[in-house]
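Novice: Before I ask anything, here is the structure I am working with.
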Amino acid sequence: MESASLHMRPVADAPKRLPLAWANDAPLDPAQYQWLEMGEWREHEVTDETTVPLTPVPPTRKLILRIDASALPSELKVGVYSELDERRLPRYEQGERVDCITDERCRVIADGKSIHIRLNGADNAKVLVLYVGYLVLAAQEQGPSRMVMMSASWAMRVS
């Protein structure tokens, strides 16, 4: 099986700061991120799943997500989880990660200012996770530049 990373492309005009995101016009708080801003890494990694901000979004047949970035990312996925555990957290093994670059359930439109993602088929979702990854060429203090992945995710509770 070929690695998905073999098909990724670097993005020359990736966002210079952590993008903002919305779900049906509700602003989303980032769940976790690793982002290169002004040559410095900004990072927030989840160490306790119960602390992840879950923005409430109303149930809908067509979820519309928006990211304030002009360039399409190297990776764009939405985790769709319909089963929750006793802590009301997603049962990840029973969910699905929809690849919005290749999956027909996603319609992605970049208008030069933002990226709009329309996801169909998430009717039974209880938690959704939006993930973006930008493969970029980053300068190093010593040695040649190298490819790195900047990534961020946002989580929503359907209620």
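Novice: Taking the Cα centre of region 1-121 as origin, sum charge times position over the Cβ atoms of Lys and Arg (+1) and Asp and Glu (-1), and report the length of that vector in debye to the nearest 20. Could the numbers behind the result be given before it?
Specialist: Values: 16 positive and 21 negative charges, 115 e Å.
Here the size comes out at about 560 debye.
Novice: Now, a different point. Expressed in nm², what is the orientationally averaged projection area of the convex hull enclosing the Cα positions of the chain? If you can, show how the numbers build up before the last one.
Specialist: Details: hull surface 41.3 nm².
It is 10.3 nm².
Novice: What do you get when you divide the Cα radius of gyration of region 70-159 by 2.2 N^0.38 Å, with N the number of residues? Walk me through the numbers before you get to the answer.
Specialist: Numbers: Rg = 15.9 Å, N = 90, 2.2 N^0.38 = 12.2 Å.
Output field value: 1.31.
Novice: Leaving out ligands, DNA and RNA, what percent of the accessible area of region 8-59 is carbon and sulfur, probe 1.4 Å? List each step's numbers first, then the result.
Specialist: Numbers: 1810 of 3420 Å².
Here carbon and sulfur together make up 53 percent of the probe-accessible area.
Novice: Still on this structure, I have one more. Between Thr60 and Ala110, how many nm apart are label points set 7 Å from Cα along the C-beta direction?
Specialist: The modelled label-to-label distance comes out at 2.3 nm.
Novice: Per residue of region 30-37, in order, report the coupling 6.51 cos²θ - 1.76 cosθ + 1.60 (Karplus, θ = phi - 60°) as ³J(HN,Hα) in whole Hz, putting x for Gly and Pro.
Specialist: 3J(HN,Hα) across region 30-37, in whole Hz: x, 7, 7, 6, 9, 9, 8, 10.
Novice: Ranked highest first by the average count of other Cβ atoms within 10 Å around their residues, in what order do 43-53, 129-139, 81-91, 112-122 fall? Don't skip to the answer; put the middle values down first.
Specialist: Details: 43-53: 10.5, 129-139: 19.3, 81-91: 14.0, 112-122: 16.5.
Ranking the peptides 43-53, 129-139, 81-91, 112-122 by packing returns 129-139, 112-122, 81-91, 43-53.
Novice: Label Asp13 and Ile101 with points 7 Å out from Cα along Cα→Cβ: what is the distance between them in nm?
Specialist: Once both label points are built, they end up 1.8 nm from each other.
Novice: May I ask you to evaluate 6.51 cos²θ - 1.76 cosθ + 1.60, the Karplus curve with θ = phi - 60°, for each residue of region 74-88 and list the ³J(HN,Hα) values in order in whole Hz, giving x for glycine and proline?
Specialist: Running phi through 6.51 cos²θ - 1.76 cosθ + 1.60 with θ = phi - 60° gives 6, 10, 8, 10, 10, x, 10, 10, 9, 10, 10, 8, 5, 8, 6 Hz.
Novice: Using the Cα centre as the reference, give the magnitude of the dipole from point charges on the C-beta atoms of region 54-150 (Lys, Arg: +1; Asp, Glu: -1; all else neutral), rounded to the nearest 20 debye.
Specialist: On the way: 14 positive and 13 negative charges, 63 e Å.
Rounded to the nearest 20 debye, it is 300 debye.
Novice: For Arg91 paired with Glu43, estimate the spin-label separation in nm (one decimal), with each label point 7 Å from Cα along the Cα-to-Cβ line.
Specialist: Going by the 7 Å Cα→Cβ label model, 3.3 nm.
Novice: Please work out the ratio of the alpha-carbon Rg of region 1-85 to 2.2 N^0.38 Å and round it to two decimals.
Specialist: Working: Rg = 15.1 Å, N = 85, 2.2 N^0.38 = 11.9 Å.
Here the Cα radius of gyration is 1.27 times the empirical estimate.
Novice: What accessible area per residue comes out for the chain, rounded to a whole number of Å², with a 1.4 Å probe? Could the numbers behind the result be given before it?
Specialist: Details: 9580 Å² over 159 residues.
On a per-residue basis, the chain sits at 60 Å².
The values are calculated or read from the model by the stated rules, or taken from the named source; none is laboratory data. Quantities reported herein were computed from a predicted structural model and do not represent experimental measurements. Note that we place each Cβ from the backbone using ideal geometry, even for glycine, and neighbour counts take in every protein chain shown. In case anyone asks, the SASA skips ligands and DNA or RNA and just uses the protein heavy atoms, side chains included. Shrake-Rupley method; radii C 1.70, N 1.55, O 1.52, S 1.80 Å.
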